[in-house]
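Participant: Here's a structure for you.
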Amino acid sequence: MPLRLDYSNMMAPSIDGGITDAEWREIGTRFSAAHAGVMALHAAGTLGFLDLPDDRVLHRTTEAYVAGVRARSGGDALTDVVVLGIGGSALGPIALRTALRPPQWNLLDAEARSGHPRLHVLDNVDPANISALLARLDLRGSLFVVTSKSGGTAETMAQYLVVRARLTAALGEAAARERLVFVTDPEKGALRAIARAEGVAALEIPANVGGRFSVLSPVGVLPAALMGIDTAQLLAGAAAMRTRCASDDLTSNIAGAFAALQHLADTKHGRRIQVLMPYSDALRDMAAWFVQLWAESLGKHRIPGDAGVGPTPLAALGATDQHSQVQLFMEGPADKSVTFLGVEQVSGDVEIPSLHPDIAELAYLGGHRLGELLDIERRATAGALARRGRPNMTLTMAAVDPFRVGQLLMLFELATAYAGQLYGVNAFDQPGVELGKQFTYAMLGRADADEARREWNLLPTSDPSRVI
């Protein structure tokens, strides 16, 4: 069964104050132009994420590198892969590990992992976390994947310098280089320059693929392949979703429908907070990946100085957040829509034993299954929200496997591109984070940050009277 989107609970009259048929017809006309805009950007060569499922050369290069690593390991098995990255360079690999490897992957022994390595992702520069991981790794059995499109990301480069020094001290310069692989721009940047000068292995992020749209490049595919995930099926699923979304008709374009529904919920009905709530632990980190994709792509100024547009994405997890956030969703401000992610086929389902038949609070559970309970809770929460006039929709996957995860990734990436067109913003840049980066460079003394240093020096200093 293909991914299915049920948006009945987004629409009036099912939902009091929901999206009307007239609004849906109007957005259908606008979506035709949005779809054409995305296709024009793709034709101009700027939307490289759409080409990744077909880039067989890039995929074969990645697979060949993985095969080479395994062959070189010989008696020294590759036990640990460590991704050094932040933002899109980290969230994608984390989401793939959680979705497509058995639960608690890093806690399993080598036999349970079929000899594949653990995957650690250092997505911050907290020294306590980095020091703790490096202290317990056997560097002889570790591979460090340094991921930065620009090759100049301060956090990732700081991690790289720390790791490079540790590797060199422990293993020597030649062996240290073999324990590194860079994932970066094909031509430019510091990592590419180091790779050329020192012979460090490097895989490319195509120049027209932005960081948060890069999960189907070696950014995500390399760590996935090292863990034994079927990356060919991952890419095939993405290609299938791209084909499914070739039409400018909302009745057949599932990514377009998702984008249009969210846009209407925000701009016409004040639902400016958009919750993604998987009812599957395997998909919990997919929500965090989506949050970055949606937020960094759509939260923009249309013109300098305007109030800005863009919804606020929020991650939740069913059934866990039924006992925390759902109270707010149900009775708090009417400023949210919820998208549930459901899974039909649950692996390793467990029957609930029929114990304590004399206790009413327990007796009714016996004979049901945990997967059944989880799915019923999803449906019950969706129905309860609808009953209270809170809009929601449900994306259903038949199972969590590489093909369907590839479909889901492409659906959300395409939806983001369409939403950018509907909002009238460039979904593929992130100017709002640049000033903070420049101030960081200035305070650290980077040579090319003179202008930022002058601006930083003009900021008001802390007022002692306002410090408690």
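Read-outs throughout are calculated quantities, based only on the coordinates presented, and are distinct from any laboratory measurement. Fair warning: this is a prediction, and the values are worked out from it, not measured in the lab. No Cβ is skipped: glycine too gets one built from the backbone with ideal geometry, and neighbour counts run over all protein chains shown.
Participant: Under 14 Å Cα-Cα from K300, which aspartates and glutamates qualify once same-chain neighbours fewer than 8 residues away are excluded?
Facilitator: The qualifying aspartates and glutamates are D429, E434.
Participant: Something else about it: What's the local net charge at L317, with K and R +1, D and E -1, over the other residues with C-beta under 13 Å away?
Facilitator: On the way: positive: R284, R378; negative: D281, D285, D321, E377.
The answer is -2.
Participant: List the residues, sorted by chain then number, that are 5 or more residues from V338 or on another chain and whose placed amide H is less than 5 Å from its amide H.
Facilitator: Residues meeting the amide H criterion: V275, N392, M393.
Participant: I'd like to verify something in the chain: which complete DSSP H helices, judged by Cα projection on the helix axis, reach 30 Å or more and average at least 0.5 on the Kyte-Doolittle scale? Present the calculation step by step, with values, prior to reporting the outcome.
Facilitator: Values: long enough: 21-43 (33 Å, -0.05); 402-423 (31 Å, 0.70).
What comes out of the filter, once short or polar helices are dropped, is 402-423.
Participant: Can you tell me, using C-alpha contacts under 8 Å and at least 6 residues apart, the relative contact order of the chain as a whole percent?
Facilitator: After rounding, I find 21 percent.
Participant: Show the residues, 5+ positions off or on another chain, whose built amide H is closer than 5 Å to the amide H of V121.
Facilitator: V83
Participant: Give the Rg (one decimal place) followed by the Dmax (whole number) of segment 48-229, computed from C-alpha coordinates and expressed in Å.
Facilitator: 15.1, 42
Participant: Within segment 81-102, find all residues whose amide N lies under 15 Å from a label point positioned 7 Å from the Cα of L370 along Cα-to-beta-carbon.
Facilitator: Answer for segment 81-102: 102.
Participant: Where in segment 1-38 does the label zone of D54 land, with the point 7 angstrom along Cα→C-beta and an amide N cut-off under 20 Å?
Facilitator: Those under the cut-off are 35-38.
Participant: So how long is each side of segment 215-296 along the principal axes, counting just the alpha-carbon atoms, biggest first, in Å?
Facilitator: Computed over the Cα atoms, the extents are 45, 28, 24 Å.
Participant: Now a separate question. Which residues make up the longest stretch of the chain that has no GluC sites (Glu not before Pro) in a DSSP loop with at most 16 other Cβ atoms within 10 Å?
Facilitator: Details: sites that count: E111, E187, E344.
Counting at most 16 other Cβ atoms within 10 Å as exposed, the longest clean stretch of the chain is 188-343.
Participant: Estimate the FRET efficiency between S462 and V125 by the formula 1/(1 + (r/R0)^6), using the beta-carbon distance for r and 22 Å for R0, to the nearest 0.05.
Facilitator: On the way: r = 23 Å, r/R0 = 1.07.
Efficiency, from the Cβ-Cβ distance: 0.40.
Participant: Could you tell me the center-to-center distance, by alpha carbons, between segment 303-336 and segment 36-70 in angstrom?
Facilitator: 33
Participant: For E178 and L107, compute 0.36 nm times the residue count separating them, minus their Cα-Cα distance, and round to one decimal in nm. Show your work: numbers first, answer last.
Facilitator: Values: separation 71, 0.36 × 71 = 25.56 nm, distance 2.57 nm.
23.0 nm is the gain from fully extending E178 to L107.
Participant: Another question about this same structure. What length, rounded to one decimal in nm, is gained on full extension from D6 through to S324, with 0.36 nm per residue of separation minus their alpha-carbon distance? Display every interim value, and only then the final one.
Facilitator: Working: separation 318, 0.36 × 318 = 114.48 nm, distance 2.49 nm.
This chain segment gains 112.0 nm when fully extended.
Participant: Between T243 and R453, what is the spin-label point distance in nm, taking each point 7 Å from the Cα along the Cα→C-beta axis?
Facilitator: For the pair T243/R453, the computed spacing is 5.7 nm.
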